[in-house]
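The values are calculated or read from the model by the stated rules, or taken from the named source; none is laboratory data. Just so you know, these numbers come straight off a predicted model, no measurement behind them. When we count neighbours, we look across all protein chains shown, and the Cβ atoms used for this are built from the backbone with ideal geometry, even at glycine. Heavy atoms of the whole protein, side chains included, go into the accessibility calculation; ligands, DNA and RNA do not. Shrake-Rupley method; radii C 1.70, N 1.55, O 1.52, S 1.80 Å.
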Amino acid sequence: MQIFATDAFVLPLPPGHRFPMDKYARLRGRVEAARLGELQVPPAATREQLGLAHDLDYIERVHAGTLSAKETRELGFPWSPAMVERSLRSTGATISACRAALEDGLAVNLAGGTHHAFRDRGQGYCVFNDAAVAARVMQAEGLIRRAVILDCDVHQGNGTASILAGDPTIFTFSIHGAHNFPFIKETSDLDINLPDRTGDEEYLEALEYGLRESLGRATPDLAIYLAGADPYHGDRIGRLALTMDGLARRDHLVLATCRSAGLPVAVTMAGGYARELDDVVAIHLRTVEISAELAGVVQATPRP
Ligand SMILES: [Zn+2]
């Protein structure tokens, strides 16, 4: 299984910033130690690739560092050349993971899932929309005709829904907390809004329905899975109440459903804001382990 890591491209943040930048290097270290796949550094996404899902003017202004103060505030990151490089690599990692998934069935980006990025602006720590860009790159290269985006981050994939609205070839599914950011939601092809404190069983039941519906309606050649760590009960901003075991069952349900349908999957990590950074890393690591189990790289851990 090919795994793409971008933790070498660090985004410089002011002290006390809420974004858990350290999780990427820690996760890569754990993935490497567990030998879950073949780690690689992806190429940066090109302007041409980004232009399949973003306005050229926005792409240029990100590169040049000429976003307005308001745009920078909405993005949540201070601009720097390193921020640009990191965003390009993270999007490049999802493009590479899609290509690898089409070859091998499953592949992982240890970052990505930047689903709040719109066509012409960034939002909520998301500069470019990696899933929308990557799906369109696969189409432009003639590798696929149709794709499905399965967004299980606890926040709605509003940027993805907006960019891909009116595109019948890429189906957008988002299952998220009804009362979470973004407070004004966009319309995905299928949205499931969950009440606060939703637990494992209700979540998995809703997800099972959502997957069946999405795969049935999308008839896809490729899936991109956003495995957010933030539906976790210990998350500071997630509002849901899934356990670590529930999140592992979620990953297994998504990936096994795709595998049994013969559908290649590119897995991305998306958000995670638990009080303990170790919890975020553990949840993401479990996602990569389950991917490796289903790809046949490692033996499944026996369940109690
Ligand atoms: Zn999130």
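With respect to D130, determine if the residue is under 17 Å from Q49 (Cβ atoms) and without any contact (Cβ under 8 Å) to a residue 24 or more places away in the chain. Considered against the rule, which asks whether it is under 17 Å from Q49 (Cβ atoms) and without any contact (Cβ under 8 Å) to a residue 24 or more places away in the chain, D130 comes out as no. When you scan the stretch 214-226, do you find a residue that is closer than 22 Å to P264 by Cα, in contact with a Cys (Cβ under 8 Å, 6 or more places away or on another chain), at pLDDT 95 or above and within 15 Å of the ligand (Cβ to nearest atom), even just one? Within the stretch 214-226, one or more residues are closer than 22 Å to P264 by Cα, in contact with a Cys (Cβ under 8 Å, 6 or more places away or on another chain), at pLDDT 95 or above and within 15 Å of the ligand (Cβ to nearest atom). Filtered by the rule that a residue be within 17 Å of the chain's Cα centre (by Cα) and of a type in the set (F, W, Y), the stretch 188-235 gives Y225, Y232.
Restricting D57, D120, D104, D22 to residues that are closer than 23 Å to F173 by Cα, in contact (Cβ under 8 Å) with a residue 24 or more places away in the chain and open to solvent by 30 Å² or more (accessible area, probe 1.4 Å) narrows the list to D120.
Among the residues of the stretch 154-167, the one identified as over 13 Å from A117 (Cβ atoms) and touching a residue at least 60 places away in the same chain (Cβ under 8 Å) is V154. Among the helices (runs of 4 or more DSSP H) confined to the stretch 1-88, the ones with at least 2 residues that are closer than 18 Å to L277 by Cα are located at 23-33. Within the stretch 203-235, the only residue that satisfies the criterion of being open to solvent by 10 Å² or more (accessible area, probe 1.4 Å) and of a type in the set (V, I, T) is T219. Can you confirm whether M244 is on the phi < 0 side of the Ramachandran plot, out of contact with any Cys (no Cβ under 8 Å at 6 or more places or on another chain) and surrounded by fewer than 24 Cβ atoms within 10 Å (Cβ to Cβ)? Judged against the criteria, M244 is a match.
Within the stretch 247-261, the set of residues being open to solvent by 10 Å² or more (accessible area, probe 1.4 Å) and touching a strand residue (DSSP E or B) at 6+ places or on another chain (Cβ under 8 Å) comprises just one member, R259. May I ask you to verify whether A111 is within 16 Å of the ligand (Cβ to nearest atom), surrounded by 24 or more Cβ atoms within 10 Å (Cβ to Cβ), hydrophobic (A, V, I, L, M, F, W, C) and more than 21 Å from V254 (Cβ to Cβ)? Here the answer is no, as A111 does not meet what is asked. Scanning the stretch 160-196 for residues that are surrounded by fewer than 18 Cβ atoms within 10 Å (Cβ to Cβ) and of a type in the set (S, T, Y) yields T169, T187.
T91 - would you say it is closer than 21 Å to I149 by Cβ and either outside any helix (DSSP H, G or I) or not aromatic (F, W, Y) (or both)? Write out each step before concluding.
Working: closer than 21 Å to I149 by Cβ: yes; either outside any helix (DSSP H, G or I) or not aromatic (F, W, Y) (or both): yes.
Against the criterion (closer than 21 Å to I149 by Cβ and either outside any helix (DSSP H, G or I) or not aromatic (F, W, Y) (or both)), T91 qualifies.
A count restricted to the stretch 237-262 and to residues that are away from the ligand (no atom under 16 Å from the Cβ) and either acidic (D, E) or touching a Pro at 6+ places or on another chain (Cβ under 6 Å) (or both) stands at 1. Residues that are away from the ligand (no atom under 16 Å from the Cβ) and assigned to a loop (DSSP other than H, G, I, E, B) within the stretch 263-293 comprise L263, P264, E276, listed in sequence order.
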